[in-house]
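Q: Pasting in a structure now, in structure tokens, and then I'll have a few things to ask.
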Amino acid sequence: MKIQIYTMQTVSEAIAAAEAGVDYLGLTPSNRGLPGEISFATAREIADALKGKASRVALSVESDLAAIADMVAAVRPDVLHLCGDITLVTPDHVRQLRETLLPLYPGLGILQAIPMTGPEALDHAAAFEPYCDSFILDSVAAHIGGIGAAGVTHDWSLSRAIVERSRLPVILAGGLGPDNVAAAIAAVKPWAVDSLTHTNKPLPEGGFRKDIDRIKAFVTAARAA
């Protein structure tokens, strides 16, 4: 079972999360007010520090393909996580991104977020499957831009159906923490699990840092399952 944790904001917490056994570490290079977002420069600093320690994942909620390409050029992640509006970044747009980016960054993976809003998620996954390398099945919240960071679970039976139908590795996300990740794995049987909200430590002044103890507990529970 692979583990992905979002969102790293400093080199020190990223290194600590990698040492806790996390395989994929998520970065949020943005200026849109997303949870835990950081500048491109900070994201690149963290990505450079993690080289050889964990895979670096950088998300984008942008709909402008040039803006997405600019982020990849600045941060140089191992995986580009597309989690914007799928009506604006369509399967054909992902195909275009793939054709543009892979010659420049060989080995770059494309992780496509699927909004788990209902049975239509199965059709969305089927449409994107030819153009990405993996899926992340995530919940959606009206107050958060893009797909994810909602902090709530969704219908795991739909996620299980996508896992069973897809030839791609599938990451299960959405409201997962140390207390429910084992049940989620049993229900969905994903390739990997992801956590953001429920491995955070809220700060008194707002925002958060990662809770390394909760990350360790998440890793232990997921691997035991």
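The values are calculated or read from the model by the stated rules, or taken from the named source; none is laboratory data. Since this is a predicted model, take the numbers as computed values, not measurements. For neighbour counting, all protein chains shown are included, and Cβ atoms are generated from backbone atoms with ideal geometry for every residue, glycine included. Please note that ligands, DNA and RNA were not included when accessible areas were found on the heavy atoms of the full protein model with its side chains. Shrake-Rupley method; radii C 1.70, N 1.55, O 1.52, S 1.80 Å.
Q: At a Cα cut-off below 16 Å, give the lysines reachable from K210, other chains included and same-chain residues fewer than 8 away excluded.
A: Those lysines meeting the cut-off are K201.
Q: For region 124-225, what does the alpha-carbon gyration tensor say about shape, rounded, prolate or oblate, given a ≥ b ≥ c as the root eigenvalues, a/c under 1.5 as rounded, and a/b over b/c as prolate?
A: It comes out oblate by the Cα gyration axes.
Q: Over region 80-199, what is the relative contact order in percent, taking alpha-carbon pairs closer than 8 angstrom and at least six residues apart?
A: About 22 percent, as a whole number.
Q: How much of the accessible area of region 125-225, in percent, comes from carbon and sulfur atoms when a 1.4 Å probe is used?
A: Ligands and nucleic acids excluded, carbon and sulfur reach 54 percent.
Q: Right, here's the next one. Quick one: length gained pulling A182 to E129 fully straight, 0.36 nm per residue minus the C-alpha distance?
A: Between A182 and E129, full extension yields an extra 16.4 nm.
Q: Within a Cβ distance under 15 Å of A127, other residues only, what is the Lys/Arg minus Asp/Glu net charge?
A: Residues near A127 contribute -1 overall.
Q: May I pose another question? So what is the accessible area of the chain per residue, in Å², with the probe set to 1.4 Å?
A: Accessible area per residue: 42 Å².
Q: What does the charge add up to near D211, with Lys and Arg as +1, Asp and Glu as -1, over the other residues with Cβ less than 12 Å from its Cβ?
A: +3
Q: Considering only DSSP beta bridges where both residues belong to the chain, give the percentage that are antiparallel (nearest 5).
A: DSSP beta bridges in the chain are roughly 10 percent antiparallel.
Q: Which Cα, out of A186, Y131, P119, lies furthest along the positive dipole direction of region 115-193 (beta carbon charges, K/R +1, D/E -1)?
A: In region 115-193, that residue is A186.
Q: Quick check: net charge around E62, other residues with Cβ under 12 Å of its Cβ, Lys/Arg +1 and Asp/Glu -1?
A: Computed value for this residue: -2.
Q: Now for a different question. How many percent of the accessible area of region 1-115 is carbon or sulfur, using a 1.4 Å probe?
A: C and S fraction of accessible area: 49 percent.
Q: With an 8 Å Cα cut-off and a minimum separation of 6 or more residues, compute the relative contact order for the chain in percent.
A: 18
Q: Let me check against my output: what whole-number percent is the relative contact order of region 40-139, with C-alpha pairs under 8 Å and at least 6 apart?
A: Computed value for region 40-139: 24 percent relative contact order.
Q: Another question, then. Highest GNM mean-square fluctuation, the chain, Cα pairs closer than 10 Å: which of P190, P103, P115?
A: Of the options given, P103 has the highest mean-square fluctuation.
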